[in-house]
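S.K.: Shown below is the structure under consideration.
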Amino acid sequence: MAHRKCFVPTCKNDSINSPDKIFVRIREDLRKKWCMEANAEYFNVQLLYCCEDHFDPVADLKNYFKYKLMNQEPILKPTAVLKNVAAFPQEQEIPTTSQDSPELLKMLSMVQPGPSSRKIRKLDNVMPSTSSATTLPIKVHVATQCKVKMVDSSTNLRPRKRKGPQGATSFEVHSSQEFSSATTPSLFGYTSETEETTSEKPKPKMQMRNNVLEIIFKKPKMYLGLPLQYLWFIDYLVSKSTTKVDSLCIIVTLFKIKQNDSIEKISDLFELSRTKLSSMILLGIEVLANFFQNLVYNPQPKLIKQNLPLVFKIRYSNVQIIIDCFEIQIAKPSDPIKQAQTWSQYKNCNTVKYLIGCTPDGLISFISEGYGGRISDKALVEKSNFLDIVQPNSVVLADRGFKEIESLLALKHVTLLRPPTVYSGMKQTVTETLQSKVIASLRIHVERVIRRVREFAMLKPHSVVNYKYVPYLDEIVIISCGLINLQGEIIKTY
Ligand SMILES: [Zn+2]
């Protein structure tokens with residue numbers, strides 16, 4: 001049996017020191033509730049088991065006797081009750097209950113660690129100064145990476161009660177004056193009028209900011225790329241983040257990525273100084289990327305098959321991933337070497353290029369790191385860790401341009417499916433024409449995903465990313481891909 005550890009932070013039991021105890025897998029529908037009750041972090045996929053000290057094996061296991069007699073895997077009943085986790089006040093309410101999403105939790109719990117899971121670099125929070133423009137590091141090949149840093153930590157879990165109605169219009173974000181101070185992170189909005197007036201130092205009325213926030217909270221998908229039903233997530237992220245961050249920081253970051261307005265304009269809208277806003281955005285990018293990397297993952301082949309759209313079912317049921325590349329124009333680097341590395345002949349400008357993959361039903365299941373636009377599709381496939389995530393005997397669907405990766409995939413016993421090559425002067429056979437058409441229709445799925453990436457203004461083909469943000473482009477892409485996976489129908493099926 002694999003090593004199992006009790007998820008309760010105060011409990012030291014694991015399958016090694018307590019081999020005789022039952023370690024039951026926590027049901028998905030109980031997971032969030034139990035993690036909140038035990039003050040455990042539920043993003044941590046290592047913490048999936050609960051030891052028998054915290055439930056009643058006879059009453060709470062579906063198959064207690066079969067477990068005892070036949071050594072069956074123990075299964076919890078949906079009615080199981082968590083106990084002996086005390087030491088934490090239980091009357092606190094998680095901020096998100098009423099708008100909670102079982103889909104998101106299910107999705108998070110499915111995140112599989114392993115070679116496919118992306119490692120986020122620890123970002124340097126110091127903003128590059130203007131004078132460093134000549135030495136701007138463009139992460140063309142990033143070799144140095146540090147371990148994935150989970151957003152949350154058990155020590156920082158402080159669920160907060162939300163004041164007032166949950167309706168978006170009543171939101172009001174706390175002034176971020178304390179943003180960089182060392183005190184507890186500011187609460188998400190909810191500074192009521194009365195509190196403000198009775199406090200010793202009345203804060204300046206943020207009339208413009210409050211108006212802007214009101215509009216944003218009415219249409220968060222439009223302004224932030226965050227679907228309305230996941231608005232609670234901002235609050236949640238703030239409460240779980242180990243990095244000191246406030247909700248305003250998350251909001252301005254998402255706003256910048258989605259709208260790509262100038263710092264000057266955003267600082268006016270949110271009534272923040274430009275310096276402050278710039279550092280908030282860089283911090284927000286780090287916190288958000290750490291979280292959203294978990295939402296871009298390659299599901300189990302079995303699950304991909306289960307969710308296969310009808311058009312794939314007959315002849316293309318082994319398609320695991322559909323890949324394509326996209327490029328984003330960046331400001332011309334002043335360093336001639338970086339200029340050359342990022343020069344895209346295809347786009348005729350300086351770009352950063354990404355390899356993206358999605359499942360047949362449109363979940364983004366792979367995103368590479370960014371490479372200078374000069375890189376060929378084949379080299380990009382080789383250098384990114386794409387080949388690590390493809391499953392043997394599966395099929396990868398790609399465009400003609402990827403012809404050269406066929407041999408790379410063959411080494412992994414993976415088949416490349418792409419439209420037949422058209423040679424000039426040669427007429428395509430009827431079968432070839434038909435095959436081209438079918439494959440083109442299947443590729444629509446990845447094209448649609450790229451279109452959705454482009455809805456984030458910073459990632460538009462010719463957004464001309466400011467040199468300040470180029471080193472953060474990978475993180476911005478991850479955040480956007482994670483948000484896309486949250487949007488729409490995609491999530492319903494996973
Ligand atoms: Zn335990």
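Each value in this text was obtained by applying a stated rule to the coordinates, not by laboratory testing. Remember, predicted model here, so these are calculated numbers, not experimental data. FYI the Cβ positions are ideal-geometry reconstructions off the backbone, even for glycines, and counts take in every protein chain you see.
S.K.: Which of Trp343, Trp232 comes first, and how do the rest follow, when ranked by fewest Cβ neighbours within 10 Å?
M.R.: Fewest-to-most Cβ neighbours within 10 Å comes out as Trp343, Trp232.
S.K.: Sticking with this structure for a sec: Can you put Ile304, Ile322, Ile389 in order of Cβ neighbours within 10 angstrom, beginning with the fewest?
M.R.: Ranking Ile304, Ile322, Ile389 by Cβ neighbours within 10 Å, fewest first, gives Ile389, Ile304, Ile322.
S.K.: To two decimal places, what compactness ratio does segment 301-493 give when its Cα radius of gyration is scaled by 2.2 N^0.38 Å?
M.R.: 1.06
S.K.: Neighbour counts of other C-beta atoms within 10 Å: give me Val477, Val390, Val430 arranged from fewest to most.
M.R.: Neighbour counts put them in this order, fewest first: Val430, Val390, Val477.
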